[in-house]
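What follows is a short report on a single structure.
The values are calculated or read from the model by the stated rules, or taken from the named source; none is laboratory data. Keep in mind that this is a model prediction, so the values were computed, not measured. FYI the Cβ positions are ideal-geometry reconstructions off the backbone, even for glycines, and counts take in every protein chain you see. Just so you know, the surface numbers come from the protein's heavy atoms only, side chains and all, with ligands and any DNA or RNA stripped out. Shrake-Rupley method; radii C 1.70, N 1.55, O 1.52, S 1.80 Å.
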Amino acid sequence: MFRASRIMVWLFAGFLAACTSVNNAHTSPTIKSLDDLSINTLRQRSFGSSISIEAQPAHELHDTFIASYQSDGLRVYSRIDVPASPVPEAGYPVVLFVHGWAGIEAAPTSNFYLDDDSNYQAMIASYVEAGFVVFTPGWRGHGTVNGVPADGIEFMQAWDNGSYLSPVFYAIDVLNLLDSLSTFDNARLDLENVNIVAHSQGGDVALLALAIAGEGSGVATGISSASIWSGCFPSRFTQLETYAPMQKSPEAFLAGDGTWTGTAAGESGATNPNFVFGYPADWIGTPHVDEWTWQRDTFSMPTVADVLETKLGEMYGAINEYVDDIDDAEYQVIRSPGSRAEIVHDDRVCAAMSKIDAFYMEQYLTEPLALQHSDRDFYSLSEWNADLCARVNRAGGTCHDFEYVGNTHSLRSSANSWFSGADAVPGFETAIQRDIALFRGDDPVRTGTSADSPAE
């Protein structure tokens, strides 16, 4: 038994129960304590910088800028798109577009989704056409402008992926941009109407930003509303226990007899105790292992417990190396034949992580919030979205839960019939329409088609 907590965390058991200000010039990825990243610590500090235009890429329909600003001593970048439509009397309303995971290899060469036909470019264009100035922060380590890479790649090297803590640093970057909006001189902004839309890992970033900026915090610029698409926002431990197995081991989505049925139970009745979720990502091509070729190399770990050993090693390795007051945290994965794998966490890590997760800070999520997701996306399970929305509403906030049946992580239909049935309708356009309604103060529930089933 490793020196660890007496708290036993049951793998995939649902939602993890709840178990000094950050230096504004913190340019090292090493932190004094995990408490530096807690929601309540970050709510006590100040944010803000000054926006400086670095480039103006050509755009046929409206003005686009690439700007820099300082985020805790790091030079980072943001794309800015300004509508061609006349300036409203109060100024242009604003959308902060918080993108998903890029990865340490792709991040430095990010072009902020310019000159491509990606979903992100389509989303940005839709909000601009609707009359919003859209800021797309690149985060630390993301993008190179005029030959100068964004600062902070060392944060990605230290914290990206394995620790599931990089979104906290990205949320700091978003909040430093938020409290710099008043310094943007190329268009008049309505700072009383600033909204956030986020996708995938950006949903974690956005939820953290919302909780930190909630009423009573040190953030000066308010957030009016937010929409999170396919949000990867449950607790750090739940993310590790879900995403890594679903990406590396077929045991995570196969039935007990080794076949794929979409459930833990096989046709023979055998049940898989380490089953996570029935639908792997649609890009896998087929979930039927006997048909696999290249998939065997990607899903190379035979058991969920094997994956957990690897990912927990990455998480605890990062914590022990980059947190000054912890250098000996340990964990244990308990394997019992025929039973679910169990994790024993270090009590210090368990306690600190519970204070970092915005998922359990519904008391700060007071602004109107829309959660838009598929019923078949393991990155944003429907029960996570339903649980968060219910707690926000019980706490006095306003949350709308929109589920799009048979959609992918991008709220599109898959070409694979096992993933999206013949009657699946892409939710992408409906989700954008709902965002625009929400950001204009209208009722997003009244905007929709048969592509989805509101879960309210």
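From Cα pairs below 8 angstrom and at least 6 apart in sequence, can you work out the relative contact order of segment 181-324, rounded to a whole percent? Rounded, it is 18 percent for segment 181-324. Since only Gly285, Gly48, Leu37 are under comparison, the one whose Cα sits farthest along the positive direction of the charge dipole of the chain, derived from C-beta charges on Lys, Arg, Asp and Glu, is Leu37.
Partners of Lys311 within straight-line reach, counting lysines whose Cα lies under 17 Å from its Cα and excluding those fewer than 8 residues away in the same chain: Lys248.
Close amide H pairs (under 5 Å, H built 1.01 Å from N) link Ser71 with Val76, residues at least 5 positions away or on another chain. Each Lys or Arg adds one and each Asp or Glu takes one away; over the other residues whose Cβ falls under 12 Å from the Cβ of Ser52, this sums to -1. What a 1.4 Å probe finds exposed on the chain is 49% carbon and sulfur by accessible area, rounded to a whole percent. Within the full protein context, the accessible area of Phe419 is estimated at about 10 Å² for a probe radius of 1.4 Å. Annotation: peptides 189-197, 336-344, ranked by per-residue average of other Cβ atoms within 10 Å with the highest first, follow the order 189-197, 336-344. Sequentially through segment 333-347, phi angles give Karplus couplings (6.51, -1.76, 1.60; θ = phi - 60°) of 9, 9, 10, 10, x, x, 10, 5, 5, 10, 10, 10, 9, 4, 5 Hz, Gly and Pro residues having no value and appearing as x.
Along the axis of the charge dipole computed for the chain (Cβ charges of +1 for Lys and Arg, -1 for Asp and Glu, origin at the Cα centre), the listed residues Leu388, Leu254, Thr242 are led at the positive end by Leu388.
Other residues lying with their Cβ under 10 Å from the Cβ of Gly162 contribute a combined charge of -1, Lys and Arg counting +1, Asp and Glu -1. Between Asp325 and Val289, the modelled label-to-label distance comes to 4.5 nm, taking each label 7 Å out from Cα in the direction of the beta carbon.
Solvent exposure of Thr30, expressed as accessible area, is near 40 Å², computed with a probe of 1.4 Å over the protein chains only.
Among the protein heavy atoms, those of Ser417 account for about 100 Å² of accessible surface (1.4 Å probe, every chain in place). Extension gain for Val445 to Glu314 (0.36 nm times residue separation, less C-alpha to C-alpha distance): 43.0 nm. The accessible-area ordering, largest first, of the residues Arg236, Arg412, Arg394 stands as Arg394, Arg412, Arg236, per a 1.4 angstrom probe. Coupling constants for segment 210-216 follow from the phi torsions by the Karplus curve (6.51 cos²θ - 1.76 cosθ + 1.60, θ = phi - 60°), and in residue order they are 4, 5, 5, 8, x, 3, x Hz; glycine and proline get x. Computed over segment 134-189, relative contact order equals 28 percent, with contacts defined as Cα pairs under 8 Å that lie 6+ residues apart. Segment Glu54..Thr263, full-extension length gain: 70.1 nm, with 0.36 nm per residue of separation and the alpha-carbon distance subtracted. When both bridge partners sit in the chain, DSSP labels roughly 55% of those beta bridges antiparallel.
Between Thr298 and Leu61, the contour length at 0.36 nm per residue exceeds the Cα-Cα span by 81.2 nm. Annotation for segment 324-394 versus segment 248-301: alpha-carbon center distance of 24 Å. Straight-line cross-link reach from Lys355 at under 17 Å between alpha-carbon atoms covers these aspartates and glutamates, not counting any fewer than eight positions away in the same chain: Asp35, Asp36, Asp204, Asp325, Asp346, Asp347. Projecting label points 7 angstrom from Cα along Cα→Cβ for Gln121 and Asn393 puts them 3.8 nm apart.
Quick one: dipole size for segment 28-159, taken about the Cα centre, charges +1 on Lys/Arg Cβ and -1 on Asp/Glu Cβ, in debye to the nearest 20. Intermediate results must be reported in sequence, preceding the final value.
Numbers: 6 positive and 15 negative charges, 110 e Å.
The calculation lands at about 520 debye.
Count Lys and Arg as plus one, Asp and Glu as minus one, and take only other residues whose Cβ is under 11 Å from that of Thr259; the net charge is then -3. Taking every C-alpha pair closer than 8 Å and separated by at least 6 residues, the mean separation divided by the residue count of segment 292-375 gives a relative contact order of 17 percent.
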